[in-house]
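Since the structure comes first, as structure tokens, the remarks are kept for the end.
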Amino acid sequence: MNTNSRSANDITSFRAILDGEEYDVPYRVGEVMLDCMLNEGLDPAFQCMDGHCGTCMVIRLGGEVEMRKNNVFSQRDLEQNYVLLCQSIPLNGDVLVDCDA
Amino acid sequence: MNQIGNLESIWRYPVKSMRGEQIDDVFVAYTGVMGDRVYALSAADAPPEFPWHTNREQEEFVLYQPRYRNHRNTLKPAAMEAAFAEALNPPYPQASGFCENELVNRRLLIGDRLEIMLRELDPRCKSITIDPDTAETQPRILKHIARKHNGFAGVYAVVLTEGTVSAGDEIQLLD
């Protein structure tokens with residue numbers, strides 16, 4: 001948790017790299033990043049949408065996110081900055097994730 | 001019957017999430033491959049619906065190679081030949097990558113006795129991204145499976161007639 005982060009209401013978007021392209025994805029308060037990307041018509045890999053399978057694991061390259069739950073990651077995954085799109089909420093406006101990792 | 005292939009290799013996993021072992025032949029019972037997934041580790045902090053500690057939380061699990069102390073006795077039940085001689089099971093009827101997906105709800109004969117029916121596709125998780133030799137992960141494997149194959153790789157089957165199978169056995173499509 002980044003204590004210097006702005007309130008979630010101030011965050012309007014995050015960036016995501018998918019299939020070699022970088023997208024600016026509108027963020028709607030209360031939604032997880034996966035839903036935001038799907039609402040934009042993007043096609044990130046996902047399956048269970050419940051934090052179990054690990055399909056939507058992406059690397060956080062910038063910014064801070066909070067994961068609602070995690071039933072799949074090892075400590076190594078967390079240290080390598082993997083996050084689950086289906087459980088993550090951006091905590092500041094600088095979030096960049098790499099979905100091609 | 002229609003031969004659709006041969007059994008290329010046989011693998012079993014004595015401890016869930018640890019490295020598997022390749023074996024030449026094994027008895028397949030109604031409960032599955034003999035000696036497969038007999039053991040697992042439970043985690044006190046795991047959710048009750050899935051209490052196991054797996055290689056998802058600790059990738060290095062796949063670097064552990066479990067071995068049965070008496071390997072031979074874990075491949076076929078004792079007195080199996082005698083049991084089969086008196087078995088009441090009826091004899092079987094005389095009757096592309098991911099190609100197994102097309103065989104759900106169909107029966108296969110493997111070797112001269114084992115009969116299975118493929119029942120459902122297997123939804124995969126992070127475990128298939130872990131290299132069993134290095135414990136390194138490649139999330140792209142699972143993402144490809146999700147985007148190109150709806151998240152499924154492999155099939156679950158039920159055993160209709162128990163039997164021993166060996167690497168190289170013919171696989172026949174029964175119906």
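Each value in this text was obtained by applying a stated rule to the coordinates, not by laboratory testing. Because the structure is a prediction, the values reported are computed rather than measured. Every residue, glycine among them, receives a Cβ derived from its backbone with ideal geometry; neighbour counts consider all protein chains shown.
Let me know the Rg and Dmax you get for chain B when you use only its Cα atoms, in Å.
17.7, 52
Count neighbours as other Cβ atoms within 10 Å of each site's Cβ, and list the trypsin sites (Lys or Arg not before Pro) in the range B:37-74 that are DSSP loop with at most 16 such neighbours.
B:ARG37, B:ARG67, B:ARG69
Roughly how many nanometres apart are two label points built 7 Å out from the Cα toward the Cβ at B:GLN22 and B:GLU60?
My value for the distance between the label points is 2.6 nm.
Positive end of the dipole of the range B:2-173, charges at C-beta (+1 Lys, Arg; -1 Asp, Glu), about the Cα centre: which of B:GLY168, B:VAL33, B:SER17 has its Cα farthest in that direction?
B:SER17
Ranked from highest to lowest mean number of other Cβ atoms within 10 Å per residue, what is the order of the peptides B:109-115, B:42-48?
B:109-115, B:42-48
Under 15 Å from the 7 Å Cα→Cβ point of A:GLU79, by amide nitrogen: which residues of the range B:129-166?
B:135-137
Could you tell me which of A:LEU18, A:MET67, A:ASN39 has its Cα farthest along the dipole of the range A:8-98 towards the positive end, charges placed at Cβ (Lys, Arg +1; Asp, Glu -1), taken about the Cα centre?
A:MET67
Could you work out, for the protein assembly as shown, what percent of all Cα-Cα pairs fall into each 5 Å distance bin, beginning at 0 Å and stopping at the bin that holds the largest distance?
Binned Cα distances yield the sequence 1, 5, 10, 13, 14, 13, 11, 9, 7, 6, 4, 3, 2, 1, 0, 0.
Report the relative contact order of the range A:8-98, percent, no decimals, based on alpha-carbon pairs under 8 angstrom and at least 6 residues apart.
Relative contact order here is 37 percent.
With a ≥ b ≥ c the root eigenvalues of the C-alpha gyration tensor of the range A:8-98, is it rounded (a/c under 1.5), prolate (a/b larger than b/c) or oblate?
The shape class here is rounded.
Quick one: length gained pulling B:HIS149 to B:ASP122 fully straight, 0.36 nm per residue minus the C-alpha distance?
Here the answer is 8.6 nm.
Between B:ARG69 and A:ASP43, what's the calculated FRET efficiency when r is the beta-carbon distance and R0 is 41 Å? Round to 0.05.
0.25
Say each of B:MET1 and B:ASP131 gets a label point 7 Å from the Cα, pointing the same way as Cα to Cβ; how far apart are those two points in nm?
Computed distance between label sites B:MET1 and B:ASP131 equals 4.1 nm.
In the structure displayed, which of B:LYS16/B:LYS76; B:LYS76/B:LYS126; B:LYS16/B:LYS148 lie more than 23 Å apart, Cα to Cα?
Among B:LYS16/B:LYS76; B:LYS76/B:LYS126; B:LYS16/B:LYS148, the Cα-Cα distance tops 23 Å for B:LYS76/B:LYS126; B:LYS16/B:LYS148.
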